[in-house]
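What follows draws every value from the coordinates through simple rules; no lab data is involved. Computed from a predicted structure; not experimentally measured. Please note: Cβ atoms are built from the backbone with ideal geometry, for glycine as well, and neighbour counts cover all protein chains shown.
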């Protein structure tokens, strides 16, 4: 009987890997709830080989009305706790995951966006439908000197049968960040198929864990087809360049 070769997702995490999408700061969104929870998540991620993070709390109108000031305050609190808990060898910085909502244009105009690198901004869409003015928002962002990085494009079900949309977004200068758990069946078959399509067609620029809680970390031990694993290797390598 023929068995397809598989590899654990956790084998992707080299010493240089940078996780650019997670929710590790306490009390800001649907991720870590307390400082103790933050430290626990960081410790568990370190155990599977991730030592570098650019964590990305949500910024979303009335739901998660976080500000750069608040995010940086929480970051400093966690960084100090990491030193106290002998996690000083872990690098933790913060950006944000911005919802493309009615307040996003104002945020662009203020030029106070928290970026992944010097200019790349992680953005997300509603899971119900994309904003009518999506292209205009992405253009405004680029006009202000930023590069849009779309979080988990594979999870937007309304595009699963409209794959030309992905090509259009790429042609418009939008980069894509894949959720690594999309390569399992964690988010469902349709998300898995779309993630595989994007990866096989060389559309994925970066990857993130999008960790919110310990269960997500446990799922990172799941195995995936070696072909998908191998396609992830250059993506992981690009991640490694985002934190010096």
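A compact table of results
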item	result
Quarter of the Cα convex hull surface for the chain, i.e. its orientation-mean projected area (nm²)	13.1
Shape of segment 150-210, Cα gyration tensor, a/c cut at 1.5	oblate
Full-stretch length increase - residue 103, residue 197 - with 0.36 nm per residue and alpha-carbon distance subtracted	30.6 nm
Contour minus Cα-Cα distance for residue 47 and residue 33 (0.36 nm per residue)	3.0 nm
Modelled FRET efficiency - R0 30 Å, residue 76 with residue 5, Cβ distances, 0.05 increments	0.10
Along principal axes, Cα extents of segment 111-232, largest first, whole Å	41, 30, 27
Sites residue 64 and residue 135 - FRET efficiency at Förster radius 25 Å, r taken between beta-carbons, to 0.05	0.50
Fraction of beta bridges assigned by DSSP in the chain that are antiparallel (%, nearest 5)	15
Proportion of all alpha-carbon pairs of segment 50-137 beyond 23 Å (%)	30
